Structure formats: C-alpha cells, structure tokens
1. Using the 10 angstrom Cβ neighbour count as an exposure proxy, how do MET327, MET234 rank, fewest first?
2. Note down the nm distance, to one decimal, between modelled labels 7 Å out along Cα→Cβ at ILE217 and at GLU1081.
3. Counting only the backbone N, which residues of the stretch 376-393 are under 20 Å from the spot 7 Å out from the Cα of ASP160 toward its beta-carbon?
4. Short version: ³J(HN,Hα) in whole Hz for each residue of the stretch 879-890, in order, from phi by Karplus 6.51 cos²θ - 1.76 cosθ + 1.60 (θ = phi - 60°), x for Gly and Pro, what are they?
5. Report, in listed order, any pair from LYS899/LYS1031; LYS1031/LYS1071; LYS374/LYS406 with a Cα-Cα distance greater than 25 Å.
6. By how many nm would the segment from SER253 to ASP644 grow when fully extended, if each residue of separation counts as 0.36 nm and the alpha-carbon distance is taken off?
7. I need the GluC sites (Glu not before Pro) found in the stretch 345-446, filtered to DSSP loop residues with at most 16 other beta carbons within 10 Å of theirs.
8. Which trypsin sites (Lys or Arg not before Pro) does the stretch 1026-1135 hold that lie in a coil by DSSP with at most 13 other beta carbons within 10 Å?
Amino acid sequence: MKLIIGLFVCLLVIIIISQPNLLWMLYRLVSIIILARKVDSNKAIIKEQKIIDSILIYAKDFENICIKYKRNNNSICGTFFLLYLKFFSLALGVLYKSKGSYEGLLYTSRGSYEDALPYYKATLAITKKLVGVNKKYYHIIAKYLYELLVLYKLMERYEDAISVCEESLEIRKNTLGIYHVDTAYSLMQLGILYEKIGRYRDSISIFQQCLENSKNILKIDPLYNVVCLNSLLMIYELMEMYEDALSVSKKFSMNLQKINNYDIKNHERYKKYLNSSSLYLSIERYEDALSELQQSLENHKNTLGINHIDTVFCLNQLGIFYASMQMNEDALSCLEESLKIGIKHFDNRMYLDSLTIFYESMGRNEDAISICEKSIEICQNTLGIHHTYTASSLSLLGILFSNMEKYKYALSYFELSLEIYEDILGINHIYVAGCLESLGRVYYCMGRYKDALPLHERSLEIHKNVFGINHSKTVKSLLILGCLLICIGDINTAFQMMLQSSSIQLKLIAQVFKISSERQRLTHFQKNYYNFEMFISVVYQYFSNSPEAIQAAFELIQRCKLIVTETSILQRNYLSSGRYPHLDTLLKQYQEKIRQIIKLSFQTLTEAEWNYHKQLVEEQQKIEQELSRQIPELNFEQKLVEIDRRAVALELPSGSTLLEFMRLNIFNILDIKNQTTKSARYLAFILPAGQPDQLQMIDLGEADNIDRLIKVFRENIILGKSDGFDRMIKKMKPQEELDKIQTNPELNEVFQNKQQLKQLLFDPIQKCLPADTQKLIIAPDGELNLLPFELLPVNNHQYLMDEYTISYVNVGRDIIRLKFPSTTQPTEPLIIANPDYNLNDENAVTSQDTPTQTQRSIDTVYSDLHKSQPDGMFAPIPGTGLESVEISRYLGVTPQTEKNALESLVKSQLSPRILHIATHGYFLTIENLKPLKDTPFSQLDSLHRAGMQNVQNPLLRAGLVFAGANTALNGGRLPAAAEDGILTAQDVATFLDLSATKLVVLSACESGLGEVKLGESVHGLRHAFLQTGAKSLIVSLWAVNDISTAILMGQFYHYYLEDKEPVGKALELAKRYVCNLTVGEMRDTWLTDEKIEYVGRYSEGMEDNLRILRNNSDDYQPYRHPKYWGAFIYLGLAD
C-alpha cells in the first residue's frame, strides 16, 4: 500500500511540474469543496449569495482552463475534468437541493423549489458546455438532466419534466444502448410522467416496451419489473381494460415472489406496489381484495413493525376497504389508528382525507370538515397552496359543504381547486374533469341548470378524449348531462344521451362478466342497475307515448336480463360440449372445491375449519374466473347488438303475447338530491306475436301495494284447507301466530274481493291484448316471480288459466335461446321418487369420524325441526311412489324408488330426455334466517347453519332430499352411492349436465322459490336447473299436497305424451282436471284398497285420511281449492 501511495505522489509531482497551471486548478477545486461544506454545515441555502458567487467565479475560471487544455488535446486534463464535474456537482447540489437530497425536498417546509431551479439549470448548462461533443461524458449530462427532472416533478411541472426526460433518454440510448440499466430507468420515468398528465395510452406503450427490454438486461433490479407491472396494472384498471389488468396482475404476483420477503426494508418506494387490491375492488372480487390487503399489512408488520410509516399506509388502505364494504367499526378502527404517527407528518394528509371521506359517508359532516381542514393545513404548510394534493383536499371540503347545502362555500372551494388543477395539469386532465363535475353538481342542486350545463359538457369531452367512449366515466358524464338537458327542457337530446349511456354500460358489464365468477357478476350487475332504471324512468315520465322510446326501453330490458341469465348457461354448455379438453382438469378442480364447500356448509365448524371454508370459497371463485376467461364465446358484445324487439316478436308462437314486467324504482330527475323519492312501480311491456311495432308499455301502479297483495294472495292459498300431508315438513309456527294470520284483515282482502289483484295487475294489460291472444308468455320481475298468474280470478268459478294458456320465461329473449338445437343427444328418461330416507349402510359401523357423517334436517326454514316430526326425521311421502308408477307407463322406464332413489343417480345420468323428481324440497329465505342471528351457532340445526354460513349464496339454501337423509341426520353411515342425501341447488348448477334434456319436473315443495333480485331470475333450484341447459322446467311455488300432486302429475303426462299436447297446455289441463275431480271419479283409480294399503305401509295417518275421503259423496270435490294444484308453473316455450 505504501508503495502504491508513493508512486501516486511521484506521479502527481511530475504532472504538476510539467503542467504548473494544474496546481492552481487543484487549489480552486479544494476551495469549491470547502465552500460547499461550509454551506451544508451552516444550513445556509440560497441566501449565502457571496459564497454562491465565489463558487461560480471559480467554476468559470476552471472551465476556461479545461477548454484551453482540450484545444491542445492535452489528455492529462481529462482526469481532473472528471474530478471537477464531481466536486462542482457536490457544491452546487448542496446549494440547490436545500437539504442535499430528494427526500429532503419532498418533505421540506421551505418551499424553495423555485429558488433552486436556476442553479439546477446553471449546473446543466455548464456541464453541457464543458462536455461539448465528447460523447464519452454524455452520461454525466444525463445525470444532471435526471436531477432537473426530479425537481420539475416536485414542482408538478410535468410537461417540462417530460421534455427533460426525453432528452436524457435519447442521450442514454445513443451512448449506452437500449439494453442498459440507466436507459431502462429513463424509459420507465417517461412512462410514469405520461401517466401523471393523463397520456395513458402512451404510458401503456412505454411500460410494455420497458418490460420487453428488461428481458435483455442482465443486472436489472427485480423491483424494476414490479414497478412497471404495477404501473400497467393501475392504468389498465383506470382505463377499465380488465382482461389486460388480470393478465398483468398474474405477472405482477410472480415478480413479487422473486423478491425475498418483499425486500421491504431495502426498497422504501415498494410500499406503492404491494397489492392489486384496487383492481379486485373494481370488478367486485372483494374476497381477493381483502386477502391482498391483509397480507400486505401482515408483511409490513413483520418486516418493519407496527409503527412504521409504510405499515400505517397499509393499515389505512385496509380501513378504506372496510369503509367501502360498510364494515364501519373495522373501518373506523383502522383509519383512526393510521393517524397515530403524528398529525404533522406529511403522509397524514392522505390518512386525514380517508377519515374525512369515511365520516362523510356516515353523515358526520361536521366531524369530516374538522378533519379535512387539518389536511388542508398540512398541505399548505408543506407544499403550499399551488399543489395538486392541496387541490384534492380543497375539493373534498367543497363536497362536504355541498352535502350541508352550504353552496356558496362549496363553490369557492371547488373553483379554487379547479384553478390549481388547470394551472398544474392543464385543462384536459381527468382531475380537472372531476372538479368540473363537482362544480356542475353544486349548480344543479341550486337549480342553476344553465350554469351547470357547460361544466358537464367540458367534463364529458375530457373523459371521451382520455378514456374513449366505452368507459364508466364517460357513461356517468352522459347520464348526468342527460339529466341536465331534461331540466332545461331539451328532452329529446337527453333521451339519446341516456340511451347511449345505458348501451355503453351494458358493454362494460359484458367485459367484466367475461372474467368473473357468477357471484361477482351478479354483484357487479346490481351495482350498476341504477343506470338502466334511470333511463327507463325517463321513458316512463317523459316518453310514455313515444313508440321509439318504449321500444328502446324494452330492448334495454332484454339486453339486461340476457347478460345476467345466459352467461352461466352458456358457460356450462361450452364446458360440457367437449370443445375445451384442456379445461377438463380445471373443471374437475372447481367441482371438487364445490363438493368440499357444500360438505362443510352443513357442519358446525371450528375456527380453523371456518377459515378453511373461506379459503375454499376464494379458490373456487378464482378457478371459476379462470374458466370464464378461457371461453371466448362468453363475449356478449355482439349478442347485445343483435337483440331487438323484432327478433323476439317474430319467434313468438302464433296467437301468443309476451308480457315483460319490470319493477322500476322511479328517479326524480329534477331533484338531484333526492332522486329516488318517488315510489317504485310495476311496468308491463306487451309484445304480440309477429307485431314488433305494436309494442306497448303499461303502468300497473305502485309496486309496494301489488307486492302486498301478492303476499296476501299467497298466504291465503298456502293457509287454505289441507289434509296435512304435504311434500315438506310442516311449518311449526305457534298456534297463536296461526290464529292471528287467519284473522288478519289483510289476509281476508283477497276473499272479500277476489278481483282486487287482478284489477291492478291484469285488467290494464287485458285491454291491450290482441283479440286472438290465446297464450300468455310471462317474464316476471320482483315479487311477480312468486305469483302463479293462472290463479288470478276471472269470476267466482273461473281463473285466468281458463282463458289463456300461460307459460313463463326469465326474459322474452329466451324464446330465441330455447329454440337453439342441442349439440348432444338425450339419454332415456329418469324418474326418482319416494326415497327411503332411512337408507343406511348395513355393513358399516356408525362413527363420528366418518366423512359422510352429517347432522342435517329439512324443515330448517322454521325454528324447531325435532318437534315437527318424531325423531326429527323426514316423513315418507308415499304419494310419490304412486306417482312414479303412474308416469312410468307414459315414459316407458322403471322408476328409481326407495333405496334406489339416490342423489348420485341425478348427478351421473347425462341429459335424460325427461327428468322427473318427486321428493321433499326446501328453500331457506333470508327472512327466516334473520331471527336466528343472535342464536348460538351450536344450537342451530344443519340447514340453518348452512343458511347462516351461505347468506350470500342462495344456491346453498335450496335443495331436494334423497335416500338416506334421515340416516345422515342421525349420524349414521350411508352407502357411497347415496352421497349425503341432499342435492343442493349448488350441486345442481355444478355437477348436472342437462343440455339435451327437454323437460325437468320437480314434483316437490317450493322448488320454484329462491332469492328474488330485480332484473334477474329467481336464484334457487329454479335458476340452478336452468343453468344446466334444460329446455323447460316445471316447479312449485309453495308446499304441495302429496296425493293431489300425484294425481296432477299422472294427468299431466297423459295429456303431454298420450294426447300430444304442448307442455304448458298439458299442465293447464291437468290442473283443471284435479280442480274438478270428484270422489266418485277417484274410487276406481286413487281410492282403491290396493292403493290405500300401499300408502298405509308408509303412513297410517295418510291411510286413515284416504279412507275418510272415500266415505264422502261421489260429487264431493276434495281438491277444489287452488292450494292443491295451483303451485306448479311451467318455464319454457309456449308450444
């Protein structure tokens, strides 16, 4: 080492002797360093003008010497030239960057950026002059360009920053090549800057180039790809390019895994790139979003500790999520905890704003204003008034004052915020558009519509230019602008704008549906349903006499219902068609997840098992999403375009009329503050076969009143006289409650005036029906899904079914879908009836640890199963055995009964031509579950537990019962083929393939019930069987009597298969037959000794009941009441 130092000193002496001017130059360099240190140590920034002037003078002298040596081609100068640049940079950098670092500038309270700017420019100019055309040192110029870029970013002068970044990038490309690390980072910075000013498409292109180039760069930081992918993810999400976003999200996760323990300590900036939860929130993947946020918080706690600023950031993000989910207690806890790092910390501005928004959502405007004012104070003290963060907080304060109807204050804050945004970001940025909308809303609330109009027009143009026409921001702008145009009287332009808004919204929903599970689809649809209701509200209020507007409303309803009802059906059909063999493994994984979820749903779970259950649900959802993405036919955008009233009208059978109902929440366009104050109403769209231009819209009145009458009507039917032997366990309500129901004046209204419901619901429609109408095809909505229109009374002795043949569809467009031929061939019919609920595995030993052990019950819609039947078991229903014998004569197959009536049979037989199931059925409603929310979970029976654990999934709250159910209930073991004895609607939707099945008959109680949602089908067994691809379905709307149902089903198949009547007509004739059936007609058929004795083998009570019935006079009609035959409805084609 001493030898090396000696040689260096000798070399230095020789250089100085040969070049005496260098001695003076070194002296100047040392002076610059000393002066720079003096400035730094004294914390004297720009105000030490004498020191600065001295440095600049020394620098100028040094520059002249360097130029002289360059002219003489003196290579010795090169070494000192580099030393000069380094130390001169150090000196000026200390001066110009205030505290000597980028982080110091970010958090400084001095606001010295404007003062620092000329010295950054001076440094760059001097460096450029010294370097000249010597490309060897161009990378040093690039370095100073980067320093200037950082300053411009801090000053939010993004256009200047882009200019500097582009110059730096060009230098690095020319000197280092495109596959150098420094070039890569310059390119990434340019992409970030483009994103800042709203040039999203340019930004996407840049980041894609970054990722492509990084493949050829050996020493690239792993975080480089993480940052680029995260930036792409956020832009795709903002642009609502969800398929691209999900693809990038997978790559993002893979890159995260490459970074050991996320390397949080070594990468401060990494906190911005920890999760893709915002994407999941955008497409309603809430479980995924929560998982991401919780994992992120846990990683930070373990790595950095609970009090670290980055951990607090994650805590705040989790609080925002809880607030969006209306989990208010969790949200408040997280948001308040995130403020613990100190009110003066800069990041607290963001946390304060989060808490402000939460308080605002809770209606605590005064508290919100107090918090927001603190946020503004922090912004002004750290950043000054002229900053986008300050503008954001000012805008938030404007919203709060607007909520409190203090419009004068709100206007002032919005105007100041707009001025800041426009000055910093330009007039075409999305932040500017948002501020314009806020200003316009205030004017709207003040009734100053003409002042609001140009603001919203500007906002719309910005959204179109930035995002394009197919974006939710554009949809919202069109919608609001349409409302404003109505307010100023331009209703025709408003109509076109709002129609365009709704059409675009449907396209956007279709895009989300392609990458989502069914639950996520339904959630997303409900979230955006108001858009369609608002448009149809406009048609109802302003265009009720316009054929064009009514036609547009009808076609919009068809498209809405199509996208909801057909997505799952098509997905199932495509998966079972054999077109995608590469998805078979994924499909099996999905089915196995469902199987485990169903099994766990009926058990009392430990905390660990419950967590496992939630994990299974998350995994099932992800697999379902992946299956959706892999099926290109799920692209509905073209299908949406093809749907119109003409296509539907031309497919309607001759002599039929479609009745498309809608339960509409009426929006009051003129009152933006209380837009939904008007009562909901039922509308009916009437479309005659072959007459698309004769479409009519009828207002049926207030929905609440009609819903009440439907409830009364059903209660009277259900509580009508019965022999007590229904195909479900009796509903155990206290006697005093039953007495109260029977004497309730509301319940007697239907009997006192049977015409009331018909007068409200059907008489207005009947006046508009063509004279030749013989068939009604009904697409119900809301509570109308639970009403059998056939039973509406015409007079004391006739029902509506006596005038019309009635069938049902989910949506009118089903008429077209149901006519599509199946790609597979059906198998022979399958009849399952009269299951042996006590079936067990005689060779097995009962064990509490066996995987088939369950504790299920059936009538858990009600409070006490074990009091409703002896030992809590399913009662035999021997009428189903008689029914199976009767219908087997027509179907030509042997019925599977008693021990052969197995759940696995239904799952294993592929598309029987006709599937007939006669057994117990059930549906657990949310109304039934609510009273149990405070009941200890261990005290609930199995189906109640399943219901409470699956409130969000109605398919796990509906089912049919098969052989072995009682054995499972009592903890016994079942034969493997019996599975668990209960086929849930989720089982049906997952495991059954009925794509070639012509007819499914569910001869059971409540098989047509489910969760009713506006604009969708009824989610229960009814929905599940239609998902399987079955062409038509017969289901019941209440508990059905065992014997009368057996008679009805026998007659139905007689009319259908022997007399060759259409399904709907055959069911109508069978109902009429049972209604008019006399004891005299039953004596030789259903009241023979043989059949009574058969029934007696299963139920002494039912045997006694039949013997008593046989003693009545021949003209006695035991099933005159519609309770016995009116529950069944037909969903399918009218022919």
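Where a number appears in this text, it was derived from the coordinates with a stated rule and is not lab data. Please read these numbers as outputs of a predicted model, since none were measured by experiment. As a convention, Cβ positions derive from the backbone with ideal geometry for all residues, glycine included, and neighbour counts pool all protein chains shown.
1. Details: MET327 15, MET234 20.
Listed from fewest to most nearby Cβ atoms, that is MET327, MET234.
2. So the two model labels end up 8.6 nm from each other.
3. 382-391
4. Running phi through 6.51 cos²θ - 1.76 cosθ + 1.60 with θ = phi - 60° gives x, 5, x, 4, 4, 5, 5, 5, 7, 5, 4, 8 Hz.
5. The answer is LYS899/LYS1031.
6. Values: separation 391, 0.36 × 391 = 140.76 nm, distance 4.32 nm.
Separation in residues times 0.36 nm, less the Cα-Cα distance, equals 136.4 nm.
7. Details: sites: GLU360, GLU366, GLU373, GLU377, GLU405, GLU415, GLU419, GLU422, GLU437; in loops: GLU405.
The qualifying sites are GLU405.
8. Details: sites: LYS1031, LYS1060, LYS1065, LYS1071, ARG1072, ARG1083, LYS1091, ARG1097, ARG1107, ARG1110, ARG1120, LYS1123; in loops: LYS1031, LYS1060, ARG1083, ARG1097, ARG1120.
Filter output for the stretch 1026-1135: LYS1060, ARG1083, ARG1097.
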